[in-house]
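Enquirer: Starting off with a structure, shown below.
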Amino acid sequence: MIRLMQNHFLKNAWRNLWKHRTIGFVNIAGLAIGMAAAFMVLLWVQNEFTFDGFQPDANREYLVTWMDKTQKIFADGSPIPLTREAMQRIPGIEGITSYYPHGLAPEIIHIDAEIRTAKNFIFADSNWFQFFQYDFLAGSGRDFGRRNGIILTARLAERYFGAGTAVGRAVRIDSTDYYILGVIKDNPANSSFQFDLFLPLHNYFLDPTLAKTQTNWKGFATKAFIRLRPDMTPEKCANQFDELMKSNGQHDANARLVSLKEMHFGVGLPSAGDCHGQRTYQGNQHEKNLRCPPGPAIRAIYGRGIDDGSLVTAIDDTYCLAGLTFLRSIG
């Protein structure tokens, strides 16, 4: 009896569908497209929330950012002396590292008699590879920062040296001789750090004209990352950063810690694309590739120099904030 009823309903459904086949086709196609689109959006949302989550201590790691209380503008750079002072004076910090972003133009690299270029590179602190997790395919980062050693990704190593061994090879960058300490696995697609070449931060300050900036608390030039101890809260640590800045003559800057996992969204980070190796250089064009539209007016500190103490600002983060709120609501 049940089988007869099922056959009856199926026949009626098929007859009605065939009778109104145009409308039926539109309805079914619309439903299929809508379901496919919803599925793709869910996959995209899932991928967005995986950014930097592979770092072992991502839940306790933060980018240090600042707000100027008088001008109401944000900076995602920090004074150069901050990393040294914060580690000594803020007990709730388990670890801290930083990097200095490069200029707009690609760096010229001399390899034997050949001239190559590098775009996505940074001057990183000596403990960068102890703070963040990288997979080394050859060599190691143990001596990074102690000697004139550099580290590059497998993609860049293949581009420079082909199938040959890269570790131990000598290169000349600007007027300094370096050698390759290690080769790391290419950056995952869900990493905010898309850098291919890492130079020791202290080498940047070998230039006498730049050496004085190492004690300059007015230049918000380096990007500082901290790892908090389990018993320390971001709010309490931010207050201690404020006190540290005041003790060094900076009374208008309020610290704000941005979680490593949320840094990818770029909300409130004026130079998000610049900081994470996503910019390209084409003549005089400074193109930014941000995953969230940051607004039309973005100025990078290091484009203006690091001695003037200027903070950076981004206009109209409304769309980014709205997008992040939506992702959080359904994540």
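The values are calculated or read from the model by the stated rules, or taken from the named source; none is laboratory data. Being a predicted model, the structure only gives us computed values, none of them experimental. Note: ideal-geometry Cβ built from the backbone for every residue, glycine included; neighbour counts use all protein chains shown.
Enquirer: Considering only residues that are farther than 14 Å from residue 109 by Cβ and either over 27 Å from the mean Cα position of the chain (by Cα) or surrounded by fewer than 21 Cβ atoms within 10 Å (Cβ to Cβ) (or both), which ones fall in the range 146-178?
Expert: Matches in the range 146-178: 146, 147, 154, 155, 158, 162, 163, 164, 165, 167, 168.
Enquirer: I'd like the full set of residues that are β-branched (Val, Ile, Thr) and within 27 Å of the chain's Cα centre (by Cα), limited to the range 9-59.
Expert: Answer for the range 9-59, where residues must be β-branched (Val, Ile, Thr) and within 27 Å of the chain's Cα centre (by Cα): 41, 45, 50.
Enquirer: Quick one: is residue 134 part of a loop (DSSP other than H, G, I, E, B) and assigned by TED's automatic domain parsing to the domain that holds residue 240? Write out each step before concluding.
Expert: Values: part of a loop (DSSP other than H, G, I, E, B): yes; assigned by TED's automatic domain parsing to the domain that holds residue 240: yes.
So residue 134 passes the test.
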